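Single-structure report; data block below.
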Amino acid sequence: MSIFDRITGNAAAPQMNMQQLQSDPVGMAKQAGYNIPPNLANNPQAMVQHLIQSGQVGGPKLQQAMQMIRQMTGK
């Protein structure tokens, strides 16, 4: 189960607290099985870009990641 499934409230996954994600994005990603360098913790766009470039996330998950960025940044 991916971090994106948890954020979007996939019925098979417990809903992730958005505040918890905002306060410790790297920790939450690690808990979900992703590897994000700590220096990217304050840059959601860089985090998602790293996940894509490293092959940890791709395809339909990209749309969910972009939605997450918009929610976190208000853009």
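The values are calculated or read from the model by the stated rules, or taken from the named source; none is laboratory data. Remember, predicted model here, so these are calculated numbers, not experimental data. Reconstructed Cβ throughout: ideal geometry from the backbone, glycine too, with neighbour counts over all protein chains shown.
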Quiz item: Among the residues of the range 61-75 satisfying the criterion of being surrounded by 14 or more Cβ atoms within 10 Å (Cβ to Cβ) and farther than 16 Å from residue 18 by Cα, which is modelled with the highest pLDDT?
Solution: 62
Quiz item: Taking the range 38-60 as the region of interest, how many residues are aliphatic (A, V, I, L, M), buried (at least 18 other Cβ atoms within 10 Å of the Cβ) and in a helix (DSSP H, G or I)?
Solution: 4
